[in-house]
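The values are calculated or read from the model by the stated rules, or taken from the named source; none is laboratory data. The shown structure was predicted, so the numbers you read here are calculated from the model rather than taken from an experiment. Here the Cβ is made from the backbone with ideal geometry for all residues, glycine too, and neighbour counts use every protein chain on show. Areas reflect the complete protein model, heavy atoms only, side chains present, ligands, DNA and RNA absent. Shrake-Rupley method; radii C 1.70, N 1.55, O 1.52, S 1.80 Å.
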Amino acid sequence: MKTEQLKAALNQETFAPVYLVLGQESALIEEVKAMFKATLSVEEMTMNFASYDLAQTEVARALEDAEAAPFFGERRIVFMQNPFFLTGEKVKTKLEHDLKGFQAYLEAPQPTTALVIFAPYAKLDERKKMVKQLKKTATIIDVQKIDERQVQQLVTAQLHHKQVTIEPAAMTLLLSKTNGDYSQIMAELPKLMLYAQQSRVITEAAISALVTSSIEDNVFELVPLVLQKKVGPVLEMYHDLLLQKEEPLKINAILLGQFRLLLQVKILFEKGYSQGNLASVLKVHPYRIKLALQQSRHFSKPMLAQAYLGLEGIEEKIKTGQGEATLLFELFMLQFAAEDVA
């Protein structure tokens, strides 16, 4: 079920006893929470709503609330958040979760309660019996990461609703600065709309002025300069990042990750993988895949591999105390620029 389908169902007061909100798009998760809360009056929110963080509270307490009859209303709404036990992840905790009781509840849920389970994970552990039972019982609400096309559609629709437009170049820059992340864009929109209050148009200049570049965004700009062996501009940008109090190991790790992605994308694309398949296989946002494809076309696999191995060597030396981080990066850049790799 998509969020718009959920909204329509709740508006018609059609509730399922159990919902599984599965995915990691935080803006959509917040929308779902708001939709459920909007079905209760202020008085009902006090008496018939509860939210439990299962990283801090035993699931039995949430189930007790879910099993209770509503007070002076037709329905209780109970949120369960961070159900890490649905995944294969090993989590150290002192809590003793009654997972048998949880599975038993799923087999016979309270009809006057809407139990909403928020699972902010890419996937659940399908081998577990309670996961199988949950997927059998629950109405699943999809809040997985949104691809670039959907992001543009949703952002445009949101702006249209507020009678604001965005220039094509501004949309491109916004996607670039946020790596096409819908949740991050939604967090930026309020100030952009406020800035465009008079003109009703969000411009490229507004994006440049108001949307802060992340370290990932800044490091992404480093990648083509490294590959083009422009030593001066690379070191100038590197030192600018250091002046911004960014850690050398963090800069190197992001660079290393980007070159790993470029290599993976180039190899898999040559094997026939499509842009969409690459995003799914590599579990990387579609917009990052698109940019990686654009960059990787201009450079050979040996050159990408050489840069990757050089950066990997820096990381190992930093972690084992074999040199000063800044000096190691400068030496890497000089050696990389001097070597002739086709």
So Lys245 fits all but one of (1) assigned to a loop (DSSP other than H, G, I, E, B); (2) in contact with a helix residue (DSSP H, G or I) (Cβ under 7 Å, 6 or more places away or on another chain); (3) charged (D, E, K, R); what number is the exception?
(2)
Every residue in region 267-292 that is under 23 Å from Lys177 (Cα atoms) and either in a loop (DSSP other than H, G, I, E, B) or over 20 Å from the mean Cα position of the chain (by Cα) (or both), please.
Lys283, Val284, His285
Would it be correct to say that Ala60 is without any contact (Cβ under 8 Å) to a residue 60 or more places away in the chain and small (Gly, Ala, Ser)?
yes
The conditions are (1) of a type outside the set (Phe, Trp, Tyr); (2) in contact (Cβ under 8 Å) with a residue 60 or more places away in the chain; (3) open to solvent by less than 40 Å² (accessible area, probe 1.4 Å), and Thr178 fails exactly one of them. Which is it?
(2)
Exactly one of these conditions fails for Lys191: (1) closer than 30 Å to Glu30 by Cα; (2) out of contact with any helix residue (DSSP H, G or I) (no Cβ under 6 Å at 6 or more places or on another chain); (3) without any contact (Cβ under 8 Å) to a residue 40 or more places away in the chain. Give me its number.
(2)
(1) open to solvent by 80 Å² or more (accessible area, probe 1.4 Å); (2) under 26 Å from the mean Cα position of the chain (by Cα): which one isn't true of Ile202, the others all being true?
(1)
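Any residue at all in region 160-174 that's among the hydrophobic types (A, V, I, L, M, F, W, C), in a loop (DSSP other than H, G, I, E, B), within 30 Å of Phe259 (Cβ to Cβ) and under 21 Å from the mean Cα position of the chain (by Cα)?
No, region 160-174 has no match at all.
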